[in-house]
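Here the structure is laid out as C-alpha coordinates; the discussion comes afterwards.
The values are calculated or read from the model by the stated rules, or taken from the named source; none is laboratory data. Just so it is clear, the structure is predicted and the values come from calculations on it, not from any experiment. Glycine gets a Cβ as well: all are built from the backbone with ideal geometry, and neighbour counts include every protein chain shown. Each accessible area value is taken on the protein alone, full model and side chains, heavy atoms only, with ligands, DNA and RNA left out. Shrake-Rupley method; radii C 1.70, N 1.55, O 1.52, S 1.80 Å.
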Amino acid sequence: MTAEATISTTSVTDAIDVRGLRIRNRIWIAPMCQYSVMAYDGVPTDWHRVHYGALAAGGTGLLVVEATAIAPEGRITRQDTGLWNDAQVEAWRPIVDFAHGQGAAIGVQLNHAGAKASTYAGFGRDGDARGSVPIEAGGWQTVSASDEAILGLAAPRALTVDEIDGIVAAFVAAAHRAVDAGFDLVEVHAAHGYLLHQFLSPLTNRRTDAYGGDLAGRARLLLEVVAAIRAELPELPIILRMSATDWTEGGLDAEQSATVAAWACEAGADLVDASSGGAVLADIPVGPGYQVHLAERIGEEGVPVSAVGLIETAEQADAVVRAGVDAVRVGRAALRDPFLPIRWARELGADVDWHPPQYARAY
Ligand SMILES: Cc1cc2nc3c(=O)[nH]c(=O)nc-3n(C[C@H](O)[C@H](O)[C@H](O)COP(=O)(O)O)c2cc1C
(Lines give C-alpha, C1' and ligand atoms only; values in the text may rest on other atoms or scores of the structure.)
Protein backbone atom coordinates (compact mmCIF):
# COMPACT_ATOMS: atom_id res chain seq x y z
CA MET A 1 0.00 0.00 0.00
CA THR A 2 1.68 3.22 -1.12
CA ALA A 3 0.98 6.73 0.06
CA GLU A 4 -0.83 7.39 -3.22
CA ALA A 5 -3.06 4.35 -2.78
CA THR A 6 -6.77 4.93 -2.97
CA ILE A 7 -8.40 5.56 0.37
CA SER A 8 -11.04 2.89 0.81
CA THR A 9 -14.60 3.60 1.85
CA THR A 10 -14.43 0.70 4.29
CA SER A 11 -14.51 1.85 7.91
CA VAL A 12 -13.23 0.15 11.03
CA THR A 13 -16.89 -0.12 12.06
CA ASP A 14 -17.83 -2.18 8.99
CA ALA A 15 -18.35 -5.95 9.07
CA ILE A 16 -15.92 -8.38 7.46
CA ASP A 17 -16.12 -12.05 6.47
CA VAL A 18 -13.23 -14.40 7.21
CA ARG A 19 -13.67 -17.86 5.67
CA GLY A 20 -17.43 -17.57 5.98
CA LEU A 21 -17.32 -16.17 9.52
CA ARG A 22 -19.17 -12.85 9.71
CA ILE A 23 -17.43 -10.45 12.10
CA ARG A 24 -19.51 -7.38 12.95
CA ASN A 25 -16.66 -4.86 12.88
CA ARG A 26 -12.91 -4.54 12.46
CA ILE A 27 -12.12 -3.48 16.03
CA TRP A 28 -10.70 -6.67 17.46
CA ILE A 29 -9.33 -7.50 20.90
CA ALA A 30 -5.74 -8.76 20.77
CA PRO A 31 -4.87 -11.88 22.76
CA MET A 32 -3.61 -11.02 26.24
CA CYS A 33 -2.31 -13.55 28.75
CA GLN A 34 -4.01 -13.30 32.12
CA TYR A 35 -1.76 -15.79 33.95
CA SER A 36 -4.71 -16.44 36.22
CA VAL A 37 -4.94 -20.22 36.49
CA MET A 38 -3.91 -20.55 40.12
CA ALA A 39 -4.63 -24.29 40.14
CA TYR A 40 -1.83 -24.74 37.54
CA ASP A 41 -4.14 -27.04 35.56
CA GLY A 42 -4.77 -24.89 32.47
CA VAL A 43 -8.50 -24.64 33.23
CA PRO A 44 -9.96 -21.11 32.82
CA THR A 45 -11.41 -19.60 35.96
CA ASP A 46 -13.89 -17.02 37.25
CA TRP A 47 -11.38 -14.34 36.26
CA HIS A 48 -11.52 -15.49 32.63
CA ARG A 49 -15.30 -15.63 32.66
CA VAL A 50 -15.59 -12.05 33.95
CA HIS A 51 -12.69 -10.59 31.95
CA TYR A 52 -13.71 -12.07 28.61
CA GLY A 53 -17.38 -11.49 29.37
CA ALA A 54 -16.76 -7.76 29.77
CA LEU A 55 -14.70 -7.59 26.58
CA ALA A 56 -17.35 -9.51 24.61
CA ALA A 57 -20.07 -7.16 25.90
CA GLY A 58 -17.98 -4.14 24.89
CA GLY A 59 -18.79 -4.33 21.21
CA THR A 60 -15.71 -5.93 19.66
CA GLY A 61 -16.15 -7.86 16.45
CA LEU A 62 -13.59 -10.48 17.35
CA LEU A 63 -12.21 -11.37 20.74
CA VAL A 64 -9.20 -13.68 20.62
CA VAL A 65 -8.44 -15.13 24.03
CA GLU A 66 -4.95 -15.31 25.44
CA ALA A 67 -2.04 -17.54 24.43
CA THR A 68 -3.39 -20.95 25.39
CA ALA A 69 -1.03 -23.87 25.61
CA ILE A 70 -1.31 -26.88 23.30
CA ALA A 71 0.51 -29.01 25.88
CA PRO A 72 1.47 -28.56 29.56
CA GLU A 73 5.15 -28.04 28.69
CA GLY A 74 4.15 -25.39 26.14
CA ARG A 75 2.92 -23.02 28.86
CA ILE A 76 4.76 -19.74 29.37
CA THR A 77 3.91 -20.05 33.07
CA ARG A 78 2.07 -22.58 35.16
CA GLN A 79 -0.73 -19.97 35.45
CA ASP A 80 -1.48 -20.18 31.68
CA THR A 81 -4.70 -21.50 30.19
CA GLY A 82 -4.61 -24.67 28.09
CA LEU A 83 -6.48 -26.71 25.52
CA TRP A 84 -4.89 -30.11 25.96
CA ASN A 85 -7.72 -31.85 27.83
CA ASP A 86 -11.49 -32.12 28.10
CA ALA A 87 -11.79 -30.27 31.42
CA GLN A 88 -10.34 -27.21 29.69
CA VAL A 89 -12.79 -27.56 26.79
CA GLU A 90 -15.70 -27.65 29.24
CA ALA A 91 -14.46 -24.54 31.05
CA TRP A 92 -13.96 -22.55 27.85
CA ARG A 93 -17.45 -23.41 26.53
CA PRO A 94 -19.52 -21.02 28.73
CA ILE A 95 -17.06 -18.20 27.97
CA VAL A 96 -17.51 -18.85 24.25
CA ASP A 97 -21.30 -19.12 24.56
CA PHE A 98 -21.49 -15.85 26.46
CA ALA A 99 -19.41 -14.05 23.81
CA HIS A 100 -21.71 -15.36 21.10
CA GLY A 101 -24.70 -14.13 23.09
CA GLN A 102 -23.15 -10.64 22.99
CA GLY A 103 -22.75 -10.76 19.21
CA ALA A 104 -18.96 -11.14 19.27
CA ALA A 105 -16.97 -13.73 17.37
CA ILE A 106 -14.43 -15.45 19.62
CA GLY A 107 -11.20 -17.25 18.85
CA VAL A 108 -8.34 -18.72 20.84
CA GLN A 109 -4.64 -18.22 20.36
CA LEU A 110 -2.83 -21.57 20.36
CA ASN A 111 0.72 -21.47 21.66
CA HIS A 112 3.80 -23.45 22.54
CA ALA A 113 6.26 -21.23 24.37
CA GLY A 114 9.36 -23.33 23.57
CA ALA A 115 12.44 -21.82 25.21
CA LYS A 116 10.24 -19.18 26.86
CA ALA A 117 8.19 -21.80 28.73
CA SER A 118 8.45 -22.72 32.41
CA THR A 119 8.77 -19.16 33.73
CA TYR A 120 7.27 -17.50 36.77
CA ALA A 121 4.18 -15.35 36.21
CA GLY A 122 5.36 -12.71 38.68
CA PHE A 123 2.11 -12.60 40.66
CA GLY A 124 -0.63 -14.81 42.05
CA ARG A 125 0.36 -18.26 43.27
CA ASP A 126 3.81 -17.72 41.73
CA GLY A 127 4.49 -14.75 44.03
CA ASP A 128 6.76 -12.05 42.69
CA ALA A 129 9.42 -14.40 41.31
CA ARG A 130 10.62 -13.89 37.73
CA GLY A 131 12.64 -15.89 35.20
CA SER A 132 12.81 -19.65 34.74
CA VAL A 133 11.20 -21.95 37.28
CA PRO A 134 13.84 -24.51 38.29
CA ILE A 135 12.89 -28.11 37.60
CA GLU A 136 13.11 -28.94 41.33
CA ALA A 137 10.61 -26.12 42.01
CA GLY A 138 8.02 -27.44 39.55
CA GLY A 139 9.45 -26.19 36.25
CA TRP A 140 10.45 -28.39 33.32
CA GLN A 141 13.12 -28.82 30.65
CA THR A 142 12.19 -26.47 27.83
CA VAL A 143 12.59 -27.23 24.11
CA SER A 144 13.32 -25.12 21.05
CA ALA A 145 14.79 -25.14 17.55
CA SER A 146 18.28 -25.08 19.03
CA ASP A 147 19.83 -25.56 22.43
CA GLU A 148 20.98 -21.99 23.02
CA ALA A 149 19.45 -20.10 25.93
CA ILE A 150 17.57 -16.91 25.05
CA LEU A 151 16.74 -13.82 27.09
CA GLY A 152 18.57 -15.11 30.15
CA LEU A 153 16.20 -18.07 30.59
CA ALA A 154 17.20 -21.69 31.23
CA ALA A 155 18.76 -23.40 28.19
CA PRO A 156 16.31 -25.38 26.05
CA ARG A 157 16.93 -28.75 24.38
CA ALA A 158 16.73 -28.87 20.57
CA LEU A 159 13.67 -30.81 19.38
CA THR A 160 14.18 -34.00 17.36
CA VAL A 161 12.27 -34.40 14.10
CA ASP A 162 9.96 -36.96 15.77
CA GLU A 163 9.23 -34.46 18.52
CA ILE A 164 8.51 -31.77 15.90
CA ASP A 165 5.87 -34.10 14.43
CA GLY A 166 4.40 -34.31 17.92
CA ILE A 167 4.23 -30.51 18.17
CA VAL A 168 2.29 -30.34 14.89
CA ALA A 169 -0.08 -33.04 16.14
CA ALA A 170 -0.59 -31.18 19.43
CA PHE A 171 -1.53 -27.97 17.57
CA VAL A 172 -4.07 -29.95 15.52
CA ALA A 173 -5.51 -31.65 18.62
CA ALA A 174 -5.84 -28.28 20.34
CA ALA A 175 -7.59 -26.85 17.25
CA HIS A 176 -10.09 -29.72 17.41
CA ARG A 177 -10.69 -28.95 21.09
CA ALA A 178 -11.16 -25.27 20.25
CA VAL A 179 -13.89 -26.27 17.79
CA ASP A 180 -15.43 -28.57 20.43
CA ALA A 181 -15.55 -25.64 22.85
CA GLY A 182 -17.36 -23.59 20.20
CA PHE A 183 -14.59 -21.14 19.25
CA ASP A 184 -15.14 -19.56 15.83
CA LEU A 185 -11.47 -19.55 14.88
CA VAL A 186 -7.97 -20.35 16.01
CA GLU A 187 -4.93 -18.14 15.96
CA VAL A 188 -1.54 -19.80 15.52
CA HIS A 189 0.99 -17.93 17.66
CA ALA A 190 4.19 -17.54 15.67
CA ALA A 191 5.19 -14.24 17.29
CA HIS A 192 6.88 -12.81 20.39
CA GLY A 193 9.75 -15.27 20.59
CA TYR A 194 7.70 -18.39 21.31
CA LEU A 195 8.38 -21.78 19.71
CA LEU A 196 7.21 -21.14 16.13
CA HIS A 197 9.05 -17.80 16.09
CA GLN A 198 12.13 -19.51 17.57
CA PHE A 199 12.12 -21.74 14.48
CA LEU A 200 11.42 -18.87 12.06
CA SER A 201 14.06 -16.42 13.27
CA PRO A 202 17.65 -16.90 12.09
CA LEU A 203 18.71 -15.49 15.46
CA THR A 204 17.30 -18.48 17.38
CA ASN A 205 17.32 -21.32 14.81
CA ARG A 206 20.78 -22.83 14.26
CA ARG A 207 19.50 -26.14 12.87
CA THR A 208 21.12 -27.73 9.84
CA ASP A 209 18.27 -30.16 9.02
CA ALA A 210 15.06 -29.55 7.02
CA TYR A 211 13.67 -27.31 9.82
CA GLY A 212 16.55 -24.83 9.72
CA GLY A 213 18.82 -23.02 7.29
CA ASP A 214 17.09 -20.88 4.68
CA LEU A 215 13.75 -19.13 5.07
CA ALA A 216 11.81 -22.11 3.70
CA GLY A 217 13.49 -24.42 6.22
CA ARG A 218 12.90 -22.08 9.16
CA ALA A 219 9.27 -21.53 8.11
CA ARG A 220 8.63 -25.27 7.67
CA LEU A 221 7.28 -25.90 11.18
CA LEU A 222 4.79 -23.06 11.18
CA LEU A 223 3.64 -23.92 7.65
CA GLU A 224 3.18 -27.56 8.68
CA VAL A 225 1.10 -26.45 11.66
CA VAL A 226 -1.14 -24.27 9.49
CA ALA A 227 -1.47 -26.91 6.75
CA ALA A 228 -2.23 -29.69 9.24
CA ILE A 229 -5.00 -27.68 10.93
CA ARG A 230 -6.39 -26.70 7.53
CA ALA A 231 -6.36 -30.34 6.31
CA GLU A 232 -8.42 -31.54 9.29
CA LEU A 233 -10.67 -28.52 9.77
CA PRO A 234 -11.40 -27.16 6.28
CA GLU A 235 -14.01 -24.65 7.45
CA LEU A 236 -12.17 -23.23 10.45
CA PRO A 237 -10.84 -19.70 9.98
CA ILE A 238 -7.14 -19.51 10.90
CA ILE A 239 -5.26 -16.35 11.87
CA LEU A 240 -1.47 -16.47 11.91
CA ARG A 241 0.22 -14.04 14.29
CA MET A 242 3.78 -13.24 13.29
CA SER A 243 6.54 -11.09 14.69
CA ALA A 244 7.16 -9.53 11.32
CA THR A 245 10.52 -8.14 12.38
CA ASP A 246 13.08 -8.94 15.06
CA TRP A 247 14.19 -5.27 14.92
CA THR A 248 17.75 -6.66 14.79
CA GLU A 249 20.35 -6.78 12.03
CA GLY A 250 20.50 -10.34 10.68
CA GLY A 251 17.10 -11.19 12.14
CA LEU A 252 13.69 -11.68 10.61
CA ASP A 253 12.56 -8.61 8.66
CA ALA A 254 9.43 -7.34 6.93
CA GLU A 255 10.48 -8.68 3.51
CA GLN A 256 11.02 -12.23 4.76
CA SER A 257 7.83 -12.03 6.81
CA ALA A 258 5.81 -10.95 3.77
CA THR A 259 7.09 -14.03 1.93
CA VAL A 260 6.25 -16.33 4.85
CA ALA A 261 2.81 -14.75 5.20
CA ALA A 262 2.06 -15.49 1.55
CA TRP A 263 3.23 -19.10 1.99
CA ALA A 264 1.05 -19.40 5.10
CA CYS A 265 -2.00 -18.30 3.13
CA GLU A 266 -1.24 -20.93 0.49
CA ALA A 267 -1.00 -23.44 3.36
CA GLY A 268 -4.44 -22.42 4.63
CA ALA A 269 -4.19 -19.32 6.82
CA ASP A 270 -6.92 -16.74 6.25
CA LEU A 271 -5.40 -13.63 7.79
CA VAL A 272 -2.01 -12.61 9.16
CA ASP A 273 -1.61 -10.35 12.17
CA ALA A 274 1.61 -8.35 12.16
CA SER A 275 3.20 -7.92 15.56
CA SER A 276 6.95 -7.78 16.22
CA GLY A 277 9.86 -8.64 18.49
CA GLY A 278 10.19 -10.95 21.45
CA ALA A 279 12.88 -13.42 20.40
CA VAL A 280 15.87 -11.26 21.30
CA LEU A 281 16.39 -8.01 23.15
CA ALA A 282 16.05 -5.18 20.63
CA ASP A 283 15.64 -1.46 20.44
CA ILE A 284 12.01 -1.18 19.34
CA PRO A 285 10.82 2.25 18.14
CA VAL A 286 7.60 2.11 20.15
CA GLY A 287 5.07 4.82 19.32
CA PRO A 288 1.55 5.26 17.93
CA GLY A 289 0.90 2.67 15.22
CA TYR A 290 4.55 1.57 15.23
CA GLN A 291 3.77 -1.82 13.66
CA VAL A 292 1.19 -0.73 11.07
CA HIS A 293 3.77 -0.57 8.26
CA LEU A 294 4.48 -4.28 8.83
CA ALA A 295 0.83 -5.18 8.21
CA GLU A 296 0.80 -2.92 5.16
CA ARG A 297 3.89 -4.63 3.74
CA ILE A 298 2.33 -8.08 4.20
CA GLY A 299 -0.90 -6.80 2.68
CA GLU A 300 1.01 -5.95 -0.50
CA GLU A 301 1.29 -9.72 -1.06
CA GLY A 302 -2.49 -9.92 -1.32
CA VAL A 303 -2.68 -11.39 2.19
CA PRO A 304 -5.57 -10.26 4.44
CA VAL A 305 -3.97 -8.52 7.43
CA SER A 306 -4.63 -6.97 10.80
CA ALA A 307 -2.50 -4.29 12.45
CA VAL A 308 -1.77 -3.96 16.16
CA GLY A 309 0.32 -1.90 18.54
CA LEU A 310 -0.58 1.44 20.13
CA ILE A 311 -3.65 1.97 17.98
CA GLU A 312 -5.51 3.93 20.60
CA THR A 313 -7.90 6.40 19.00
CA ALA A 314 -10.94 5.95 16.79
CA GLU A 315 -9.59 8.25 14.07
CA GLN A 316 -6.26 6.43 13.99
CA ALA A 317 -7.93 3.00 13.79
CA ASP A 318 -10.30 4.12 11.07
CA ALA A 319 -7.45 5.62 9.03
CA VAL A 320 -5.51 2.35 9.22
CA VAL A 321 -8.47 0.44 7.80
CA ARG A 322 -9.24 3.08 5.19
CA ALA A 323 -5.62 2.80 4.02
CA GLY A 324 -6.19 -0.88 3.26
CA VAL A 325 -5.49 -2.94 6.40
CA ASP A 326 -8.41 -5.34 6.97
CA ALA A 327 -8.76 -4.92 10.75
CA VAL A 328 -7.10 -3.40 13.80
CA ARG A 329 -6.50 -5.12 17.09
CA VAL A 330 -6.46 -3.40 20.41
CA GLY A 331 -4.74 -4.61 23.57
CA ARG A 332 -4.02 -2.34 26.51
CA ALA A 333 -6.54 0.36 25.61
CA ALA A 334 -9.28 -2.27 25.86
CA LEU A 335 -8.04 -3.33 29.30
CA ARG A 336 -8.55 0.27 30.39
CA ASP A 337 -11.97 0.38 28.70
CA PRO A 338 -13.62 -2.88 27.60
CA PHE A 339 -16.35 -0.79 25.94
CA LEU A 340 -13.86 0.95 23.66
CA PRO A 341 -15.33 -0.47 20.41
CA ILE A 342 -18.73 1.08 21.18
CA ARG A 343 -17.10 4.36 22.20
CA TRP A 344 -15.06 4.45 18.99
CA ALA A 345 -18.14 3.79 16.85
CA ARG A 346 -19.93 6.68 18.53
CA GLU A 347 -16.90 8.96 18.07
CA LEU A 348 -16.87 8.06 14.36
CA GLY A 349 -20.58 8.79 14.09
CA ALA A 350 -21.48 5.21 13.17
CA ASP A 351 -24.96 4.04 14.02
CA VAL A 352 -24.32 0.70 15.73
CA ASP A 353 -26.25 -1.57 18.05
CA TRP A 354 -23.37 -3.36 19.72
CA HIS A 355 -24.24 -2.49 23.32
CA PRO A 356 -26.04 -5.06 25.48
CA PRO A 357 -29.77 -4.28 25.68
CA GLN A 358 -29.39 -4.08 29.44
CA TYR A 359 -27.25 -0.96 28.91
CA ALA A 360 -29.51 0.72 26.35
CA ARG A 361 -30.36 3.57 28.73
CA ALA A 362 -26.68 4.44 28.95
CA TYR A 363 -26.59 5.12 25.23
C1 LIG B 1 -1.33 -8.01 29.56
C2 LIG B 1 -0.88 -8.39 28.16
C3 LIG B 1 -0.83 -9.72 27.80
C4 LIG B 1 -0.45 -10.09 26.51
N5 LIG B 1 -0.50 -11.41 26.14
C6 LIG B 1 -0.35 -11.75 24.83
C7 LIG B 1 -0.67 -13.05 24.39
O8 LIG B 1 -1.15 -13.90 25.13
N9 LIG B 1 -0.45 -13.34 23.08
C10 LIG B 1 0.02 -12.39 22.21
O11 LIG B 1 0.21 -12.71 21.03
N12 LIG B 1 0.26 -11.13 22.60
C13 LIG B 1 0.06 -10.78 23.88
N14 LIG B 1 0.21 -9.47 24.26
C15 LIG B 1 0.47 -8.45 23.23
C16 LIG B 1 -0.85 -7.85 22.74
O17 LIG B 1 -1.63 -8.83 22.06
C18 LIG B 1 -0.61 -6.66 21.78
O19 LIG B 1 0.02 -7.12 20.61
C20 LIG B 1 0.23 -5.58 22.42
O21 LIG B 1 -0.22 -5.27 23.72
C22 LIG B 1 0.26 -4.31 21.56
O23 LIG B 1 -1.03 -3.80 21.38
P24 LIG B 1 -1.57 -2.54 22.28
O25 LIG B 1 -0.59 -1.41 22.08
O26 LIG B 1 -2.91 -2.23 21.70
O27 LIG B 1 -1.63 -3.00 23.69
C28 LIG B 1 -0.10 -9.09 25.57
C29 LIG B 1 -0.13 -7.75 25.95
C30 LIG B 1 -0.52 -7.39 27.23
C31 LIG B 1 -0.59 -5.93 27.58
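Measuring between their Cα centroids, region 38-111 and region 210-262 lie 24 Å from each other.
As a length-normalised measure over Cα pairs under 8 Å and 6 or more apart, the relative contact order of the chain settles at 18 percent. Within the shell defined by Cβ-Cβ distances under 13 Å, the residues around PRO234 carry a net charge of -1, with Lys and Arg each +1 and Asp and Glu each -1. What you get for region 1-157, charging only the Cβ of Lys and Arg (+1) and of Asp and Glu (-1), is a dipole of about 260 debye around the Cα centre. Excluding ligands, DNA and RNA, the accessible surface per residue across region 167-234 is 29 Å² with a 1.4 Å probe. For region 33-85, trypsin sites (Lys or Arg not before Pro) meeting the loop criterion (DSSP other than H, G, I, E, B) and having at most 11 other Cβ atoms within 10 Å: none.
Ranked by the mean number of other Cβ atoms within 10 Å per residue, highest first, peptides 140-150, 180-190, 106-116 order as 106-116, 180-190, 140-150. With the cut-off at 1.5 for a/c, could you classify the chain from its C-alpha gyration tensor as rounded, prolate or oblate? Judged from the Cα gyration tensor, the chain comes out oblate (a/c at least 1.5, b/c at or above a/b). A cut-off under 9 angstrom between Cβ atoms defines the neighbours of GLY217, and their net charge, with Lys, Arg +1 and Asp, Glu -1, is +1. Bridge orientation summary for the chain: considering DSSP beta bridges with both residues in this region, about 10 percent are antiparallel. Determine the shape class of region 104-211: with a ≥ b ≥ c the square roots of the Cα gyration tensor eigenvalues, call it rounded for a/c under 1.5, and otherwise prolate if a/b is greater than b/c, oblate otherwise. Cα axes put region 104-211 in the oblate bin. Computed about the Cα centre, the dipole magnitude for region 81-204 is approximately 240 debye when only Lys and Arg (+1) and Asp and Glu (-1) carry charge, each at its Cβ. Think of region 16-362 as a dipole: +1 on every Lys or Arg Cβ, -1 on every Asp or Glu Cβ, centred on the Cα centre; then among GLN79, ALA267, LEU240, GLN79 lies furthest on the positive end.
Approximating the spin labels as points 7 Å out from Cα along Cα→Cβ, the ALA39-to-ALA362 distance works out to 3.1 nm. Summarising the overall dimensions of region 56-164 from its C-alpha atoms, the Rg and Dmax are 16.3, 46 angstrom. Counted as membrane-span-like here are DSSP H helices of the chain whose alpha-carbon atoms extend 18 Å or more along the helix's own axis and whose Kyte-Doolittle mean is 0.0 or above; these are 161-181, 215-232, 254-267. With bins 5 Å wide beginning at 0, the percent of Cα pairs of region 258-317 falling in each bin runs 4, 19, 24, 20, 18, 11, 4. Taking square-rooted eigenvalues a ≥ b ≥ c of the alpha carbon gyration tensor, is region 290-339 rounded, prolate or oblate, where a/c under 1.5 means rounded and, failing that, a/b exceeding b/c means prolate? Prolate is the answer for region 290-339, as a/c is 1.5 or above and a/b outweighs b/c. For region 1-72, the direction-averaged projected area of the alpha-carbon convex hull comes to 7.3 nm². Using C-alpha pairs under 8 Å with a sequence gap of at least 6, the mean separation divided by the residue count of region 202-274 gives a relative contact order of 33 percent. Have a look at TYR359, THR6, ALA99 and report the one farthest towards the positive end of the charge dipole of the chain, computed about the Cα centre with Cβ charges (Lys/Arg +1, Asp/Glu -1). The listed residue farthest towards the positive side: TYR359.
A Cβ-based charge dipole, computed about the Cα centre of the chain with Lys and Arg at +1 and Asp and Glu at -1, lands at about 720 debye.
From its DSSP helices (H runs of at least four residues, each -39,500 (n - 2.57)), the chain gives a residue-normalised ellipticity at 222 nm of -10000 deg cm²/dmol. Counting only protein heavy atoms and a probe of 1.4 Å, the accessible surface of the chain is 52% carbon and sulfur.
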